[in-house]
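The values are calculated or read from the model by the stated rules, or taken from the named source; none is laboratory data. All values derive from a computational prediction rather than experimental measurement. Glycine also receives a Cβ, built like all others from the backbone with ideal geometry; neighbour counts cover every protein chain displayed. Protein only, heavy atoms only, side chains kept; ligands, DNA and RNA dropped before computing areas. Shrake-Rupley method; radii C 1.70, N 1.55, O 1.52, S 1.80 Å.
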Amino acid sequence: MQIPFNDISLLHQPIRIDLDRAIQGILDSNAFINGPAVGEFEEKFAAFCGAKHCIGVGNGTDAISIALLGLGIGPGDEVITSAFGFIATTEAISATGADVVFADCDERTGNLDPDRLKDVLNERTRAIVVVHLYGFPADMPAIMAFAAEHELIVLEDSAQAHAASVGNVRIGGSGNVCTFSFYPGKNLGAIGDAGCIVCQDDDLARQFRMYANHGRETKFDHAFEGTNSRLDSLQAAVLSVKLEHLERWTEQRREASVIYSRHLSWMGGAMAGDVGDRRHVFHIYPVLVEDRKTVQDRLKQAGIGTGLHYPIPIPRLHAYEKHPDHLKPFPVADKWAAEELSLPIYPGISEAQIAYVCESLAEACKPPSKKEI
Ligand SMILES: *Cc1c(COP(=O)(O)O)cnc(C)c1O
């Protein structure tokens, strides 16, 4: 059996007529930048999240830096984020001129550990960028309590968490500024780069929109130097079509996760799913395995594609060789980086395929036979 790590064509094939029509519509409209399709998607996605504003931007990395700049973060400020995740988050913080400060993550979920925030707080700390890693909402009540106590801004990097929720509130609807990526492989993906910022505040929304469009609101007057980072009409039109299916696709991911968890109950490292009222959307289904290289190779031999998210903690990357946290101990991030293996999960993966992945994984985790030694 061949099981790819991800299969986006399973999403696109059944809605191909609608996608083709949307793409044709943009070609025929000649409105490629700032066309009506952008506003339509922004309105739909804001409503989906339960937010007042959605500002489409060029990608999820720009979304974070534009949001932080609009929130007034800049040189001299410190911004705390998790030591475990993707460099886009910390690149975007550095792009504002602020300093990244790393905190360790939670043993069970890989998300930022709220108990570690106090260790790195100082008088320069201005903000926390929370990542809802793998599609699992971080412990927001604890993080928000800490932020309120110390008057810190909280930005939610929600690039992996479309349609996730805490209680009845979808990610994006919390009142915090939230950023999303629509990179093709994300739970809601465009057919190229795209992203957005979601917020409730009118003034902030205006600021973000101006920043993403050369610091202007009118054609010829520029209030400040911004940048060019816009969601284009083609991506917006495709995203509008796909948004209609996001809730169904999310349920399919969640159903797949339940089947995985049932088959993997023998595994201490398998991620269980929802915690309390936090709804997990399984962008990634991670397991922790000790001899990861061997396990991954054996799964590959069995025809199963897997991924690593992420094999090197962010402060340990070469890019952060001169960062003060490069060699600082982050025991939990180091463990996740050494042992995490991402199993195939996507809408349309079948129960039989999941069963085969799990059987193969159990086999792959057994000590090597004498012959192999
Ligand atoms: C994908 C991702 C980003 C960056 O999004 P792009 O659209 O690729 O720029 C940022 N943060 C996290 C956690 C991501 O997974």
Inset, instruction - Output yes when any residue across the range 290-308 is in contact with a His (Cβ under 9 Å, 6 or more places away or on another chain) and open to solvent by less than 40 Å² (accessible area, probe 1.4 Å), and no when none is. - result: no
Legend entry - Meets criteria (hydrophobic (A, V, I, L, M, F, W, C) and crowded, with 20+ Cβ neighbours inside 10 Å) for ALA337: yes
Inset, instruction - Determine which single condition THR89 fails, assuming it passes every other condition in (1) in contact with a Ser or Thr (Cβ under 7 Å, 6 or more places away or on another chain); (2) over 17 Å from ALA138 (Cβ atoms). - result: (2)
Inset, instruction - Take the range 102-125 and flag every residue that is closer than 20 Å to SER65 by Cα and crowded, with 21+ Cβ neighbours inside 10 Å. - result: PHE102, ALA103, LEU112
Legend entry - Any hit, the range 41-64, residues being without any contact (Cβ under 8 Å) to a residue 24 or more places away in the chain, small (Gly, Ala, Ser) and under 20 Å from PHE180 (Cα atoms): yes
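With crowded, with 23+ Cβ neighbours inside 10 Å and either of a type in the set (Ser, Thr, Tyr) or part of a helix (DSSP H, G or I) (or both) as the only criterion, which of ILE93, ILE55 stands out?
After applying the criteria, what remains is ILE93.
So that you can scan it fast, the table gives a plain yes or no per residue for (1) small (Gly, Ala, Ser); (2) out of contact with any Leu (no Cβ under 9 Å at 6 or more places or on another chain); (3) more than 10 Å from the ligand (Cβ to nearest atom); (4) over 15 Å from ILE312 (Cα atoms):
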| residue | (1), (2), (3), (4) |
| --- | --- |
| ILE73 | no, no, yes, yes |
| VAL79 | no, no, yes, yes |
| ALA88 | yes, yes, no, no |
| SER94 | yes, yes, yes, yes |
| ALA98 | yes, no, yes, yes |
| GLU107 | no, yes, yes, yes |
Inset, instruction - Give just the number: which of (1) outside any helix (DSSP H, G or I); (2) free of Cβ contacts under 8 Å to residues at least 24 places away in the same chain does ILE17 not satisfy? - result: (1)
